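The values are calculated or read from the model by the stated rules, or taken from the named source; none is laboratory data. Since we're looking at a predicted model, the values are computed, not measured. In this analysis, Cβ positions are derived from the backbone assuming ideal geometry, glycine residues included, and neighbour counts consider all displayed protein chains.
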Amino acid sequence: MKYIWFTVCSLLIINDLQAQLSNSFDISPPRFNQKDVNIDGFLDEVEWSKSVSHSGFTSYLPVDGRPTEDDTEVRIWYSPTALYVGLIAHEIHNEVRSTLADRDKLENDDRLTLILDTYNDKRSAFAFTVNPLGQQRDGTITDNTSMGRNSKPFRYDDNPDYVFNSKGRLTEDGFIVEIEIPFKSLRYQSKNTQNWGFNVLRYIQHSGYTSTLISTKIGVASFLGQSGKLVNLSGIKRDRIFDINPELRGAVSRLTDDKKFNSEMTDPLGINVRYGWSSNVGINATVNPDFSQIEADVAQINYDPRRSLFFPEKRPFFLDDIERFQTSTRLIYTRRIANPVAAGKIAGKFGANTIGYISAADNSGPSISEMDLSYVNVLRLKRDLSDQNHMGLVFTDKTHTDRSNKVFAIDGRFVEKDTYTFRAQGGFSQTNDKEETGTIAPMWDVAASANGRKWSGSFSFKGYHNEFNPEVGFIERGNYVTVSTGPTRRFYGKKDAIVEQLILSLRLTGNWDYSGFTNGKSPDDRRLYPSFAIQFRDGWKLTNFTWIETFSYPESFFTNHYIKTSSGFTSYKGTPDLFNIGFMMDLSTPQLDRISGKIKYGFGRDPNYDEWAPGDISLIESIIKWNPTDQIRTVIRYNQQKNFRSSDGSLVSESRTPRIKIEYQITPTIFLRGVVQYTSKYRDTLRDNSRTELPIYFKDSNGDFVPASSVETNNIEADFLFSYRPIPGTLVFIGYGSALTEPRRFRFDSVQRNSDGFFMKVSYLFQN
């Protein structure tokens, strides 16, 4: 018996050691003193012949662990000031997809991504992506802790921009890319000898395959935790960085009845400053920044109007070190700082401790000369524990002359045996005004998951008090408690099979308002979501989402709805419970030479939210991407949602949003862009469709009851831009924007201008 026990223990220890050894992939690149390297896509400098070289990529998605048909050789060396990576990508199928794409617009191209975890903490990493011509995408990569049926194991935030050099060229059997990453573009540990997490991803458009240099497995709790290492980097010279980025802008506009343009820019000059205190700490400051030339957010279909839509941060000042402020619940959402006249930020990592702090004066007034300021402070602290575990703290404070709002929360994440993940965040908000001290309103967000290659499962439990109000954060829905759980099963096809991966999942969810949950009531909403996702050979994907739900009447959503009876106006009461069932199908293609597409179609029984009655819904979301040449990119989107009354089939609401964007990439740094979006919305005259059929009334600001008559809006937005951007921070924008409307949709015979205008922005990055 002792012998058997000893044998079992020995085998377990050996297996564990073998697993550790198999995941150990250390690369020790040589150091050369070469300073003048010509980044031209030709690996002809003598240093490349002496560099360390690795190949043998293995497949990762949709099926892991197989040798890839199209291998890639990675060559690495470094100088005192930069890291150099050469990529020789083989393509035996002769189907390389590549265009002269603008920065961060590589979704239609073959691409390679370098992952640099410069703190080697397996929590976040820099990502540098290039296509076969050397065009760039960059940002940060973090583990995806909320895996769904279509989710990737990692999140790639391509909004941050970093300065690096790259050039590529096509060859007879693939392509070659040469990359230079200056060390001053990175943040890393303050040590004489550096060890960095490292991996290389390759995405092949014609097949939809993702492969990795370091063997990476599906079903492991952490994607970054499976990276290899660049080891023994020494002699790195990184002077303190002092960047000054002044910007000058001007704009003129006119309204409907104006014939002449009027200047609207009273404060034309702004300045941004970035100081690299050390290799791991950055300080940023901005005065009168301008964020207006960001492309408009793409229209989204809101499936549940009780939820708010989330839009990502795109403004450069806030994007630098944005990963330092992230938490599982978005208690820090910098887009809430809408118009800062001045702001400062410090962020960095000191050993196992991470700090991020923002202070801003946010102006809701019309200009600097007529300011109405709120003062905002945001603090994020995090302490790394063993492996990938951490504990953290969030504090936000927004103060105005007559009110203040504070949020405090603590959080943690724990990973066990590369399989089990547990995270939690709990805290409260308090909103005070001159007359009253607000309630201390709690929140919590708890989640656990078990990951495996075939089976996985998750559980989440979150709640927000009805007075919880994060004024510098974002929550989809307040006064809300939800519990959700369910399993996922993955099936993998054999090599060359038509179906490469099949994912089946089931999700069970219960939702309450906060008081209903604390009083022990049954869930208001009960939801069951069976779904599947299929990836076919050659990159085609088909997914299904089915909803089976029962929703209870959300009384707080209809506080301004009334019906008129013989006794006068009474508060509106909708159907107590609505049963919903429907289906959503989503088909996407790979990049077929010059064109790719995606279409989503849904139909079934869903709430008629305007009247809280049974409704029949149909929706379409589609996107077509067409690159007729290497320099022209066209994206056509169309979103449509219709809701019909199930009682008589009449249309109660409809939205249609076609959008077209055309970009002409004149050179790698110069492009022209035109965007036209038409947003048409219609809502019928409302009535108590589920009960009395009496008309619905609203109460206006004067306290008068007015009928909820039909409403139709048809708005057209047209934006045109000339852009020159050689590096992040240095740019010239010249643009024109127009807002139009018409009484009847898609007629174009009575189009009226609401406003239009020209703008210009010039910015230059002075680097030290």
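Within the stretch 343-356, the residues that satisfy the criterion of being surrounded by fewer than 18 Cβ atoms within 10 Å (Cβ to Cβ) and in a strand (DSSP E or B) are Gly344, Phe350, Asn353, Ile355.
A search for C-beta distances below 8 Å between a residue of the stretch 210-234 that is touching a residue at least 40 places away in the same chain (Cβ under 8 Å) and at negative phi and any residue that is basic (Lys, Arg) and part of a strand (DSSP E or B), counting only pairs 6+ apart in sequence or on different chains, returns Thr210/Arg202; Ser211/Arg202; Thr212/Arg202; Ile218/Arg490; Leu233/Arg31; Ser234/Arg31. The set of residues from the stretch 195-209 being at positive phi and at pLDDT 95 or above is empty. Could you check the stretch 566-585 and list, in sequence order, the residues that are under 21 Å from Pro554 (Cα atoms) and not in a strand (DSSP E or B)? Tyr572, Lys573, Gly574, Thr575, Pro576 - these are the residues of the stretch 566-585 that are under 21 Å from Pro554 (Cα atoms) and not in a strand (DSSP E or B).
Candidates in the stretch 236-284 are the residues that are without any contact (Cβ under 8 Å) to a residue 40 or more places away in the chain and assigned to a strand (DSSP E or B); of these, the one that is surrounded by the most Cβ atoms within 10 Å (Cβ to Cβ) is Gly270. In summary, Val231 fulfils each of the numbered conditions (1) over 31 Å from the mean Cα position of the chain (by Cα); (2) outside any strand (DSSP E or B) with the single exception of condition (2). Take the conditions crowded, with 16+ Cβ neighbours inside 10 Å and touching a helix residue (DSSP H, G or I) at 6+ places or on another chain (Cβ under 7 Å) and apply them to Gly457. Does it pass? No; evaluated as a whole, the condition is false for this residue. The residues in the stretch 478-503 that are over 22 Å from Asp445 (Cα atoms) and either under 24 Å from the mean Cα position of the chain (by Cα) or surrounded by 15 or more Cβ atoms within 10 Å (Cβ to Cβ) (or both) can be counted, and the count is 9. Scanning the stretch 625-650 for residues that are farther than 30 Å from Arg691 by Cβ and buried (at least 18 other Cβ atoms within 10 Å of the Cβ) gives Lys625, Asn627, Arg633, Val635, Arg637, Asn639.
Output yes when any residue across the stretch 739-757 is in contact (Cβ under 8 Å) with a residue 24 or more places away in the chain, aromatic (Phe, Trp, Tyr), in a strand (DSSP E or B) and touching a Ser or Thr at 6+ places or on another chain (Cβ under 8 Å), and no when none is. No, the stretch 739-757 has no match at all.
Mind checking which strands (runs of 3 or more DSSP E) fall wholly inside the stretch 143-228 and carry at least 2 residues that are within 22 Å of the chain's Cα centre (by Cα) and of a type in the set (Asp, Glu)? Strands (runs of 3 or more DSSP E) meeting the threshold: none at all. Quick check on the stretch 357-388: of everything there that is hydroxyl-bearing (Ser, Thr, Tyr) and in contact (Cβ under 8 Å) with a residue 24 or more places away in the chain, which residue is nearest to Gly276 (Cα to Cα)? Filtering the stretch 357-388 for residues that are hydroxyl-bearing (Ser, Thr, Tyr) and in contact (Cβ under 8 Å) with a residue 24 or more places away in the chain, the one nearest to Gly276 (Cα to Cα) comes out as Tyr375.
Within the stretch 313-326, does at least one residue satisfy the condition of being within 15 Å of the chain's Cα centre (by Cα), at pLDDT 90 or above and on the phi < 0 side of the Ramachandran plot? Checked against the condition, which is being within 15 Å of the chain's Cα centre (by Cα), at pLDDT 90 or above and on the phi < 0 side of the Ramachandran plot, the stretch 313-326 yields at least one hit. Within the stretch 615-672, the residues that satisfy the criterion of being in a loop (DSSP other than H, G, I, E, B), in contact with a strand residue (DSSP E or B) (Cβ under 8 Å, 6 or more places away or on another chain) and of a type in the set (S, T, N, Q) are Asn627, Gln631, Ser646, Ser647, Ser650, Thr669. The selection criterion, being buried (at least 19 other Cβ atoms within 10 Å of the Cβ), among the aliphatic types (A, V, I, L, M), in contact with a strand residue (DSSP E or B) (Cβ under 9 Å, 6 or more places away or on another chain) and touching a residue at least 60 places away in the same chain (Cβ under 8 Å), holds for Ile322.
To keep it simple, each residue is scored yes or no on (1) under 25 Å from the mean Cα position of the chain (by Cα); (2) more than 25 Å from Asp577 (Cα to Cα); (3) of a type outside the set (Phe, Trp, Tyr).
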| site | (1), (2), (3) |
| --- | --- |
| Gln640 | yes, yes, yes |
| Arg645 | no, no, yes |
| Gly649 | no, no, yes |
| Val652 | no, no, yes |
| Val676 | yes, yes, yes |
| Tyr682 | no, yes, no |
| Glu693 | no, no, yes |
| Val706 | no, yes, yes |
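Cβ-Cβ contacts under 8 Å between residues 6 or more apart (or on different chains), taken from a first residue in the stretch 54-79 that is free of Cβ contacts under 8 Å to residues at least 40 places away in the same chain and farther than 10 Å from Leu213 by Cβ to a second residue that is in a loop (DSSP other than H, G, I, E, B) and of a type in the set (A, V, I, L, M), are listed as Glu69/Ile92; Arg75/Leu43. Residue check: Ser328 meets all listed conditions (1) in contact (Cβ under 8 Å) with a residue 40 or more places away in the chain; (2) in a loop (DSSP other than H, G, I, E, B); (3) within 21 Å of Ser374 (Cα to Cα); (4) not basic (Lys, Arg) but one, namely (3). Of all residues in the stretch 336-356, those that are more than 16 Å from Asp397 (Cβ to Cβ) and in contact (Cβ under 8 Å) with a residue 40 or more places away in the chain have Cβ atoms under 8 Å from Cβ atoms of residues that are of a type in the set (Phe, Trp, Tyr) and not in a strand (DSSP E or B), 6 or more apart or on another chain, in Ala347/Phe325; Lys349/Tyr119. Among the candidates Ile727, Ile660, Ile716, Ile670, the residue that is more than 30 Å from Pro576 (Cβ to Cβ), among the aliphatic types (A, V, I, L, M) and without any contact (Cβ under 8 Å) to a residue 40 or more places away in the chain is uniquely Ile660. Could you please let me know if Val762 is surrounded by 13 or more Cβ atoms within 10 Å (Cβ to Cβ), more than 20 Å from Asp258 (Cα to Cα) and either in contact with a strand residue (DSSP E or B) (Cβ under 6 Å, 6 or more places away or on another chain) or charged (D, E, K, R) (or both)? So Val762 fits the description; yes. Quick one: how many residues across the stretch 442-477 are among the hydrophobic types (A, V, I, L, M, F, W, C), more than 30 Å from Lys417 (Cα to Cα) and more than 24 Å from the chain's Cα centre (by Cα)? Number of matching residues: 1. Among the criteria (1) among the acidic types (Asp, Glu); (2) surrounded by 20 or more Cβ atoms within 10 Å (Cβ to Cβ); (3) within 25 Å of Ile624 (Cβ to Cβ); (4) at pLDDT below 90, the one Asp104 does not fulfil is (2).
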